[in-house]
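Enquirer: What follows is a structure written as structure tokens; I'll ask about it next.
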Amino acid sequence: MSDHESSDRHLVLVGLMGAGKTTVGQRCAEVLDRAFLDTDDLVEANTRMGVAEIFEHHGEQQFRILERDAVADACASPAPLVIACGGGAVLDAENRRRLRAAGVVVWLQASPAALGARVTADADGERPLLAGPAPATATLERLGAQREPSYEAAAHLQVDTEGRTVDEVAATVVKEFRAWNG
Ligand code: S3P
């Protein structure tokens, strides 16, 4: 089976900040020979503002409205994509419904300590929810507990990323994606 025949569904990556949605997603897109789309990038392109700037000037609620539009646009793409969702996109029931209807949703998982180490190492990360005085690991632990039911409800598949390279995780995601689609 060629890569193009494996599915018309989008491959959707969800999970907390630092889960590797962007890096793993880009690698999966190469392997599947598909375009890659990050919902944060789409929000930024549509508004010509950075995510942190939107949070600062318009608030999280407005960001979530823009994010919902970005998820809808991504899902509506006739070409099958690899879509990396911002970490909070699955909190919205309409987003979960759309993503599950149009894609195979994979939840990338790691412990709060591993996520914290990754976001700290990621110098370009623009993450307003981690900007406060609390250590990133503690915030990620709290968000993880709050959001677990939403990731669970959104995801068709779960992939553990702990202690694994981007290539290893991407290979597992692609394998599971293909198997899930039959
Ligand atoms: C957020 C995650 C970020 C971005 C925004 C809010 C969240 O995306 O959408 O800062 O609520 O978890 P990444 O998960 O790609 O960092």
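The values are calculated or read from the model by the stated rules, or taken from the named source; none is laboratory data. Note that this is a predicted model, so its numbers are computed, not measured. We place every Cβ from the backbone using ideal geometry, glycine too, and count neighbours over all the protein chains shown. Note: accessible area is taken over every heavy atom of the protein model, side chains too, but ligands, DNA and RNA are not part of it. Shrake-Rupley method; radii C 1.70, N 1.55, O 1.52, S 1.80 Å.
Enquirer: What does the charge count around LEU81 come to, taking other residues whose C-beta lies under 10 Å from its C-beta (Lys +1, Arg +1, Asp -1, Glu -1)?
Expert: +2
Enquirer: Return a whole-number percent for the relative contact order of the chain, with Cα pairs under 8 Å and 6 or more residues apart as the contact set.
Expert: Contact order relative to length: 34 percent.
Enquirer: Could you state the number of Å between the C-alpha centres of the range 27-80 and the range 86-142?
Expert: A separation of 14 Å, based on Cα centres.
Enquirer: Excluding ligands, DNA and RNA, what is the solvent-accessible area per residue of the range 23-182 at a probe of 1.4 Å, expressed in Å²?
Expert: Details: 7970 Å² over 160 residues.
Here the residues of the range 23-182 average 50 Å² of exposed surface.
Enquirer: May I pose another question? Along the principal axes of its C-alpha atoms, what lengths does the range 1-152 span, in descending order and rounded to whole Å?
Expert: If we take the Cα atoms of the range 1-152, the spans are 50, 31, 29 Å.
Enquirer: On to the next question. Can you pull the three principal axis extents for the Cα set of the range 104-152, in Å, largest first?
Expert: Cα spread of the range 104-152 along its principal axes, largest to smallest: 31, 20, 18 Å.
Enquirer: While we're looking at this one, here's another question. Quick check: at a probe of 1.4 Å, how many percent of the accessible area of the chain sits on carbon and sulfur atoms?
Expert: Solvent-exposed carbon and sulfur of the chain make up 50 percent of the total.
Enquirer: Name the shape class, rounded, prolate or oblate, that the alpha-carbon gyration tensor gives for the range 1-87, where a ≥ b ≥ c are the square roots of its eigenvalues, rounded holds for a/c under 1.5, and otherwise prolate holds if a/b is larger than b/c and oblate otherwise.
Expert: prolate
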